[in-house]
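No lab work stands behind these numbers, since they all come straight from the coordinates. Just so we're clear, the structure is a prediction, and the values are computed from it rather than from any experiment. Cβ: placed from backbone, ideal geometry, glycine included. Neighbour counts: every protein chain shown.
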Amino acid sequence: MKQPSLRRRKERVWEIDAMRGLLIFLLLCGHFYFCVDAFCVDGYYHIDSYKFVDTFDPLHFWFDWGEDGVIHRNFLTPLLIELWMKSGVDTFFAMAGISSLFSRNNLKRALRILAAGAFIAAFTYGLWKWTGDPTRFIRFGALYCYGFCELIYVYFFEDKDSKTLLLSSIPVFLIGYYLRYHYTESGSILLYPFGVYQRGAVGSDYWPIFPMLGWYLFGVVLGRKYYAEGKTLYSGRIGQRLDRLTRPLQWFGRHSGALYVGHIVVYTVAFCGIGYLFKLL
């Protein structure tokens, strides 16, 4: 039996927008750090990286010197990226599952997301060719994964009950987290979207369907349980205050898709423009 949806409702739930906004804001900050890393430290700008690090990171919180005299990422950096980026994206996919219940047409939304993912792939492919650095190419990023998770949900799970969704998410989590922490590769590109690296392929911002589909389905279950009426869970006085305080984050949440696509282009153009303007490239 097809499960009830909230698609006819136009009312937005402020806490969902605020949470998505917080996550996209943290992602924008994280990607800004990666741009500074690439252009100012890794050498895209022809500047003295040592002087740059000493000036902008005097405590060596993000960067440090190795025994070989080369700049290395501080030991805190991988830990923060692990906790910040990965847990943040996991949460974002759960929020995407909740948001699917408010969408008028998940199939159209999935196709739009996949089109945006294709644009990002084409743009970063050009960045790879320009810089000569294949790690700048986003082969299967968050948007691609998001779009495919939405398609899988529409065609295989939308009419299933919550118990089936939870049971289906278990093997997705188990396989996905095994592959996330146990590097596995093959010669087939068909397995790449599911978490198996393609031999010889290099890229960045890799978010495979396993385990992200599990978080998406888990979000759908949460949405059915807590947002069956399509209303906020915090409607009292405290909720109203939090609603007002989080308006900026809500704006980020309502425009998360455009911000995700746009910031990659804006960051790249801005850093390249600065490089050409000051003859750093």
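Give me the percent relative contact order of the chain, please, defined on Cα pairs under 8 angstrom at least 6 residues apart. Kindly include the intermediate steps, with their values, before the conclusion.
Numbers: 352 pairs, mean separation 90.3, N = 281.
It comes to 32 percent, rounded to a whole number.
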ask   = Regarding segment 169-248, what are the three Cα extents along the principal axes, ordered largest first, in Å?
value = 57, 28, 19
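Any idea what the dipole of the chain comes to, in debye rounded to 20, about its Cα centre with Lys/Arg Cβ at +1 and Asp/Glu Cβ at -1?
On the way: 30 positive and 22 negative charges, 357 e Å.
My answer is approximately 1720 debye.
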ask   = Pick from 99, 204, 162: which residue has the top mean-square fluctuation in a GNM of the chain where Cα pairs under 10 Å get a spring?
value = 204
note = Across all Cα atoms of segment 169-208, Rg and the largest Cα-Cα distance (Dmax), in Å, are 10.1, 30
note = Contact order relative to length for segment 21-152, counting C-alpha pairs under 8 Å separated by 6 or more residues, stands in percent at 17
inquiry  = List the residues, sorted by chain then number, that are 5 or more residues from residue 63 or on another chain and whose placed amide H is less than 5 Å from its amide H.
reply    = 74
note = Between the modelled labels at residue 168 and residue 191 (7 Å from Cα along Cα→Cβ) the distance in nm is 2.4
ask   = For the charge dipole of the chain, defined by +1 on Lys and Arg C-beta atoms and -1 on Asp and Glu C-beta atoms about the Cα centroid, which residue among 72, 270, 39 has the Cα displaced farthest towards the positive pole?
value = 270
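To the nearest 20 Debye, how big is the dipole of segment 41-142 about its Cα centre, given +1 on the beta carbon of each Lys and Arg and -1 on that of each Asp and Glu? Numbers along the way, then the final one.
Working: 10 positive and 10 negative charges, 222 e Å.
Dipole size: approximately 1060 debye.
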note = To the nearest 10 degrees, the tilt of helix 106-131 (Cα long axis) against the first principal axis of the alpha carbons of the chain is 10
query = At a Förster radius of 30 Å, what calculated FRET efficiency corresponds to the Cβ-Cβ distance of residue 269 and residue 25, to the nearest 0.05?
reply = 0.90
Only Lys, Arg (+1) and Asp, Glu (-1) charged, at Cβ; segment 174-281 dipole about Cα centre in debye = 520
inquiry  = If I take R0 = 30 Å and measure r between the Cβ atoms of residue 222 and residue 47 in this structure, what FRET efficiency does the formula 1/(1 + (r/R0)^6) give, to the nearest 0.05?
reply    = 0.05
key: Residue-span extension gain [residue 87 to residue 122] - 0.36 nm each, minus C-alpha spacing   = 9.9 nm
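Please report Rg over Rh for the chain, where both radii come from the alpha carbon positions and Rh follows the Kirkwood definition. Walk me through the numbers before you get to the answer.
Values: Rg = 20.6 Å, Rh = 20.6 Å.
That ratio is 1.00, to two decimals.
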